[in-house]
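Trainee: Before we start, here is the structure in question, set down as structure tokens.
FYI, it's all coordinate maths here, none of it is from the lab. Just so we're clear, the structure is a prediction, and the values are computed from it rather than from any experiment. Cβ placement follows ideal geometry from the backbone for every residue including glycine, while neighbour counts extend to all protein chains displayed.
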């Protein structure tokens, strides 16, 4: 049985052509489907929902943070694919101790994602597919048309309670994350000092206002920011745009389109806002092109 090294540097013994796979991360599940391996998935999480109905006959093994380890072991998979970001080290250790091969990915940047996908392709006997997807991500980065003046941004991923007013704490996407790197590589500029270095910095709402970002980006996961959340920023000079959260976090097949969509949004927001024509009401929403829509 060949030995592979995963993104954490762990040696994993994986069959040449694993026929029974459990995926504990939605974006990896979607990637395996993209590589025509859906019929080999014997277990996926509750959150593996894309594409819809693709895993109708695949067993659900609970969530990313609380997988049913005993049930996964009983499924006797040849390989479990996991993520250092989404899955707990404790669960990975339990599966490994039970004799299950667990391949763990670790991604902090878009280029990390490209390289990780190439390695994952080898692990599941889809080396050509992994290499093609890797090249697609790198090509999208190289070909992205960035704005001449990058708009400054904050991108919350969580809020602690709307009853606290300006003292409310908001969690932001930081630079040491795939999502943060994706935004910067697509032409946005962090509005707060230290935002680029941290993973998920927390700031009071008043501090965000003082930073005077050009734009507030509101994804719909993991916190489902909606129109009510956007109202918080109604009096700010910043423009507010809603994003598909999967475009920011589901690195894989949708990432090349996400780079293009976000770069286009950055170019639009890097220009002065247009005044709406009389009788029109700006909605703040853009359409959803491609497999990784950005609702901006």
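Trainee: What is the P(r) of the chain, as percent of Cα-Cα pairs per 5 Å bin from 0?
Mentor: 1, 5, 12, 15, 17, 14, 12, 10, 7, 4, 2, 1, 0, 0
Trainee: Go ahead and estimate [θ] at 222 nm for the chain from helices alone: -39,500 (n - 2.57) per DSSP H run with n ≥ 4, summed, over the residue count, rounded to 500.
Mentor: Calculated at 222 nm, the ellipticity per residue is -9000 deg cm²/dmol.
Trainee: With the contact rule set at Cα under 8 Å and sequence spacing of 6 or more, what percent relative contact order holds for the chain?
Mentor: Reported as a whole number, the value is 15 percent.
Trainee: Considering only DSSP beta bridges whose two residues both sit in the chain, what percent are antiparallel, to the nearest 5?
Mentor: 30 percent
Trainee: If packing is taken as the mean number of other Cβ atoms within 10 Å per residue, what is the order of 7-13, 45-51, highest first?
Mentor: Sorting 7-13, 45-51 by mean packing, highest first, produces 45-51, 7-13.
Trainee: Between residue 207 and residue 17, take the C-beta separation as r, use R0 = 41 Å, and let me know the FRET efficiency to the nearest 0.05.
Mentor: For residue 207 and residue 17, the calculated efficiency is 0.20.
Trainee: Another one. Springs between alpha-carbon atoms under 10 Å, Gaussian network over the chain: tell me which of 240, 73, 22 tops the mean-square fluctuations.
Mentor: Sorting by GNM fluctuation, first place goes to 73.
Trainee: Also, quick follow-up: Rounded to whole Å, give me the distance from the Cα center of the stretch 159-200 to that of the stretch 100-144.
Mentor: 25 Å
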